[in-house]
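The values are calculated or read from the model by the stated rules, or taken from the named source; none is laboratory data. Being a predicted model, the structure only gives us computed values, none of them experimental. Neighbour counts are summed over all protein chains in view; Cβ atoms, including those assigned to glycine, are modelled from backbone coordinates with ideal geometry.
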Amino acid sequence: MPDLLIELFSEEIPARMQKRAADDLKKLVTDGLVEAGLTYAGAAALSTPRRLTLAIEGLLEKSPDTREERKGPKAGAPDKAIDGFLRGAGLTRDQLEERDTPKGPVYFALIEKKGRPAAEIIAEVLEAAIRSFPWPKAMRWGAGSLRWVRPLHSILCILSDETGASVVPLDIDGIKAGDTTEGHRFMAPGRFAVTGFADYETKLKAARVILSPEERADHIWAEAQNAAFAQGLELVEDKGLLAEVAGLVEWPVVLMGDIADEFIPLPPEVLQTSMREHQKFFSVKNPKTGLIEKFVTVANRETADHGATILAGNQKVLSARLADAKFFWENDLRVAEAGAEAWLDSLANVTFHNKLGTQGERIERIAQLAGAIAPSVGADPDLATQAARWAKADLSSEMVYEFPELQGLMGKYYAGPAGHPVEVANAAVEHYSPLGPSDDVPSAPVSVAVALADKLDTLTGFWAIDEKPTGSKDPFALRRAALGVIRLVLDNDLRLALDQLFDAQLLRHQIALDDDGAVRNALLRDLDNEIADHGVFGAAIRTVLDHFDGDLSKHLEKVKDSLPDTSRDLLGFFHDRLKVYLRDKGVRHDVIDACLAMPGNDDLTLLVKRAEALGAFLSTDDGENLLQGVKRSSNILAQAEEKDGVEYSYGADLKFAEADEEKALFAALDTAEAAIKPAMEAEDFAAAMQAMANLRAPIDAFFEAVQINTDNQVVRRNRLNLLSRIRMTCAGVADLSRVEG
Amino acid sequence: MGKAMATSDTRPKSFQDIILRLQSYWAGQGCAMLQPYDMEVGAGTFHPATTLRSLGSQPWAAAYVQPSRRPTDGRYGENPNRLQHYYQYQVLIKPSPPNLQDLYLGSLEAIGIDMELHDIRFVEDDWESPTLGAWGLGWEVWCDGMEVSQFTYFQQVGGYDCHPVSGELTYGLERLAMYILGVDHVMDMPFNDPGAPIPLTYGDVFKQTEEEYARWNFDVANTDVLLKQFEEAEEECRKILDQTHLDPKTGKRIVMAHPAYDQCIKASHLFNLLDARGVISVTERQAYIGRVRALAKLCADAFVQTRAGGWTDGDAA
């Protein structure tokens, strides 16, 4: 069975696209071959900056002959129907066969297809693959109309077996397939012919090209580690950079160079970022000092001077880059040491969002909220406020302007020189977290307070101006912010009444949106005080309304009317995010719904504890059976209530109980209620669930022994009221009507 | 062709030597040696020999030095690498020849870069000019980790698909020359031969003007006047293009694409000056860029109606 080798040779393919492109080539070609009946034993996709290579082993020599029988219209059917059938089958009328069937004579078509030679199929499949290749961005060149990622120069396409190799005839816009390729652009110019994959790979290596990206990456990593290790240093791991660099060279040569002494004291992250982003250098760290002292660059060739010229050039470029970084660092330190007033002032002139004001106004809002949250997370309110005011100061720094990815981190470095304590410094870098589902969640109280305040301010702000995420559109990453709050609360086991925080911050936004100046400030102060004192939004509004009169009252009436709805809507958004989050952790959505229906559902930690306990309970036999019992009670009760037009909640009386099982249920409910109430107050959901579970046997026995709808109306009513008592007792733990099953 | 130049064993001695070698190399490849455009532009691409000539079906091959101005980059001549006025070397060939990469590498050899000792790399860099409504794909070319050129296959200019595609090469002359000559501060770079009777450094030629323009660009330029001039250029550009194609005086068909494009270039530079004076806010920026792009688009529309832009008398019907 022959092997197939394809190489598409072009000008330099962007590193980030190579792997995907090699895989796409493999998929397009192998799918096409299999579709046409050409199966194969194995396929491998490889790439270098100048080529995509596909090697297929054990391909059929030709596609198999096929024979298909197709049933057509009845004999004597209208011509139109018969012609249509012939068109579909690709036959003429005389080729049809008439056969008798139980339903009368019917035409049959026998379609026979001869197998086709592999080369013919490969040519078609490869041409289609090239013409429809899914490059992220493709281009034309010269006077042609073919599209490729960069100009395509040659196509190697050969079938080979023991008897030798043959070129698959193919011509795409003047590029004829052949059996030749090129080696390294500088070290081994010129074309050479190959006879198969092994020959190709060997000759390429001799022509200074390592075909496999993994082999290049492994080589780079091993060489770089050796170079660092030999000097007692360690290479800083960077997988993304390694893959990129492996896509920039065909013949990697690792060179290690020095960073000038004057740059070594710069923060390691600054050196690393500057070297990675601008120069694609790896960082080499001194494990004793933790400082970055050297760099590794990867050249694409060997030279007679063993890379000395190349290294000197790279070093020079690096020095120019680091001189910029050092200049920014020193300027920034000067501003920080002077108290950083200049940064904070300039943030007052930077627009955050055209409806939500400047960064300066935003920071002040976050600071107030952080102060309010602080006691609930165990942080000092003054420190939390101070940290929130500092957290975004570095956005004005020169370093962050140059390297936006260093935001927060620079704030941490500049905090000390600006006279802030370590808690404030840490909050600058940690308050952005968690950014993704796997990002670490901060646990330092001051950081937690600022992180929560930052995210809640953003969420309430966009809710206040009604710019919520819709469908796939979430330009302000509000889903991520909400998930961030959820993780901060749950991971730190925080007890927060989110409702009140929403209200307070929505109010700040609403007033900022509609009003300005001294009045606003006075109003805000009063509201803040009121919320701090009572923690109740309605009361706060009422007090302030009483305090002011005239237009302001009307204005606040408006706020009062719209704000609670907005707040509720935002809480609903949080609940949706929480469901997604918990579903990923294996909590059933109906179990969450049963808990969301309970009061206090803005306390996410409580909510989750409840859901976990309920989930565990329902997975036991007792839980499952109790659920059935409660559902049965509810159904009977609902039917009776509908029929009688009354609600049975008067309270059952033991003296009307007749059967022993009925009396036992009274006793069991007394016991359960006595246990459930204190357990719920203590938030010991497991104990409450256990008390509920103890109702299972008495309920089952009750239904077994007792007929609810008896003729004695007094007894019937009493039993219905008893069912109502079951419903109410259990409702104190969770809304079981929402649980499925 | 490139090989013959590369074997020259005398390394360049000065900034102008490098320019002369590039001129001679590209002349040898058959390019028309044009001169700089006589207006202030932000980059060599703005020269009509690139922007307009990359449109339409007519073949083209030209190379030239273009003095370029970026007012915001002025540093009073003190920064070793930054200048508000600098030179770009620009090559445009349409259709892009299949061996353009090799031709380019030949030019590096011609200016004294030894391919056997240096590491030349083509690193992905997509080019886009929001003011010209243009984009292309290509690379920044690295020599030992330093960007020495931009290499671009134009895909669209002025909103038009380029067909055929032009290959564009842009060399940042000062940076490239500093590297080849081993100079650390641009002002110290020999402009002419250091052995000449009157040797001049780059600083001798440009230090003073860098100071003068930096002061004017940042602090003195009258923004009201600049703003007015911007609006006048914009208005004039549109007026020129509103004229009928038939010239009433000569009876000839004359589409005034180039005079209109001059006004577009003018508006673009005035915008850069206003930007340097810090009077354009972040939101206004986009609006100004959009206004210049609208002019560039109109000029492209006009150019494809001219002979150089591929218009023939048959098109009139």
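Among the conditions (1) of a type in the set (A, V, I, L, M, F, W, C); (2) within 14 Å of chain B (Cβ to nearest Cβ); (3) closer than 23 Å to B:Asp184 by Cα, A:Val253 misses just one, which is (3).
Take A:Gly72 and decide whether it is touching a residue at least 60 places away in the same chain (Cβ under 8 Å), farther than 27 Å from B:Tyr153 by Cβ and of a type in the set (Gly, Ala, Ser). The answer is no for A:Gly72. Annotation note: of B:Thr312, B:Thr283, the sole residue that is among the polar types (S, T, N, Q), exposed (fewer than 15 other Cβ atoms within 10 Å of the Cβ), in contact with a strand residue (DSSP E or B) (Cβ under 9 Å, 6 or more places away or on another chain) and modelled with pLDDT under 95 is B:Thr283. Restricting attention to segment A:151-186 and to residues that are more than 14 Å from every other protein chain (Cβ to nearest Cβ) and not in a strand (DSSP E or B), the residue that is surrounded by the most Cβ atoms within 10 Å (Cβ to Cβ) turns out to be A:Val168. On the stretch given as segment B:91-117, residues that are assigned to a strand (DSSP E or B) and either more than 13 Å from chain A (Cβ to nearest Cβ) or farther than 30 Å from B:Ala296 by Cβ (or both) total 2. One residue stands out among those in segment B:26-59 that are within 14 Å of another protein chain (Cβ to nearest Cβ) and crowded, with 19+ Cβ neighbours inside 10 Å: the one that is modelled with the highest pLDDT, which is B:Ser54. For segment A:280-304, filtering for residues that are among the basic types (Lys, Arg), closer than 26 Å to B:Leu117 by Cβ and either part of a strand (DSSP E or B) or more than 9 Å from chain B (Cβ to nearest Cβ) (or both) leaves 1. Pairing residues of segment B:118-140 that are within 10 Å of another protein chain (Cβ to nearest Cβ) and over 23 Å from A:Gln279 (Cβ atoms) with residues that are at pLDDT below 95 and outside any loop (DSSP other than H, G, I, E, B), at Cβ distances under 6 Å and at least 6 apart in sequence or on separate chains, gives B:Trp135/B:Glu128; B:Gly136/B:Trp127. Of the residues making up segment A:101-144, those that are within 11 Å of chain B (Cβ to nearest Cβ) and either part of a strand (DSSP E or B) or farther than 20 Å from A:Ile13 by Cβ (or both) number 2. The residues of segment A:391-422 that are among the acidic types (Asp, Glu) and surrounded by fewer than 21 Cβ atoms within 10 Å (Cβ to Cβ), listed by number, are A:Glu398, A:Glu402, A:Glu405.
Filtered by the rule that a residue be more than 30 Å from A:Glu11 (Cβ to Cβ), under 39 Å from the mean Cα position of the chain (by Cα) and among the hydrophobic types (A, V, I, L, M, F, W, C), segment A:24-82 gives A:Val34, A:Ala36, A:Ala41. Pairs meeting the criteria (first residue in segment A:264-275 and closer than 12 Å to A:Leu333 by Cβ, second residue part of a helix (DSSP H, G or I) and not aliphatic (A, V, I, L, M), beta carbons under 6 Å, at least 6 apart or on different chains) are A:Leu266/A:Trp329; A:Pro267/A:Tyr413.
When residues in segment B:141-168 are screened for being over 17 Å from B:Cys299 (Cβ atoms) and free of Cβ contacts under 8 Å to residues at least 60 places away in the same chain, 14 of them pass. Checked against (1) over 25 Å from B:Arg253 (Cβ atoms); (2) modelled with pLDDT of 85 or more; (3) of a type in the set (Val, Ile, Thr); (4) outside any helix (DSSP H, G or I), B:Thr306 meets all criteria but (1).
Condition check ((1) under 13 Å from A:Val448 (Cα atoms); (2) modelled with pLDDT under 95) across all residues:
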| site | (1), (2) |
| --- | --- |
| A:Ala387 | yes, no |
| A:Leu406 | no, yes |
| A:Ala428 | yes, no |
| A:Ser433 | yes, yes |
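What number of residues within segment B:141-184 satisfy the criterion of being assigned to a helix (DSSP H, G or I) and at the interface with chain A (Cβ under 10 Å from one of its Cβ atoms)?
Qualifying residue count for the region: 3.
Residue count for segment A:79-100 under the criterion of being without any contact (Cβ under 8 Å) to a residue 24 or more places away in the chain and not in a helix (DSSP H, G or I): the result is 7. Residues in segment A:703-734 that are without any contact (Cβ under 8 Å) to a residue 60 or more places away in the chain, within 51 Å of the chain's Cα centre (by Cα) and in a helix (DSSP H, G or I): A:Ala731 alone. Only residues that are in contact with a helix residue (DSSP H, G or I) (Cβ under 9 Å, 6 or more places away or on another chain) and farther than 17 Å from A:Lys579 by Cβ were counted across segment A:482-505, and they come to 14. Count of segment B:200-230 residues, restricted to those that are surrounded by 14 or more Cβ atoms within 10 Å (Cβ to Cβ) and either on the phi > 0 side of the Ramachandran plot or not in a helix (DSSP H, G or I) (or both), is 3. When the test is whether a residue is closer than 30 Å to A:Glu237 by Cβ and either of a type in the set (A, V, I, L, M) or modelled with pLDDT of 95 or more (or both), A:Lys294 passes it. Listed conditions (1) outside any helix (DSSP H, G or I); (2) buried (at least 17 other Cβ atoms within 10 Å of the Cβ); (3) away from chain B (no Cβ under 14 Å) are all met by A:Leu204, apart from (1).
Can you give me the number of residues within segment B:33-87 that are touching a Ser or Thr at 6+ places or on another chain (Cβ under 7 Å) and part of a loop (DSSP other than H, G, I, E, B)? Number of matching residues: 4. When segment A:305-322 is filtered for residues that are more than 8 Å from chain B (Cβ to nearest Cβ) and over 11 Å from A:Leu255 (Cβ atoms), the ones remaining, listed by number, are A:Ser319, A:Arg321, A:Leu322. Selection over segment A:323-345 of residues that are surrounded by 13 or more Cβ atoms within 10 Å (Cβ to Cβ) and away from chain B (no Cβ under 13 Å) gives a count of 14. One residue alone among A:Arg508, A:Arg495, A:Arg479 is surrounded by fewer than 20 Cβ atoms within 10 Å (Cβ to Cβ) and in a helix (DSSP H, G or I), and that residue is A:Arg479. Considering only residues in segment A:207-224 that are of a type outside the set (Asp, Glu) and in a helix (DSSP H, G or I), the one that is farthest from A:Val168 (Cα to Cα) turns out to be A:Ala224.
Would you call B:Arg21 in a loop (DSSP other than H, G, I, E, B) and out of contact with any strand residue (DSSP E or B) (no Cβ under 8 Å at 6 or more places or on another chain)? Answer is no for this residue.
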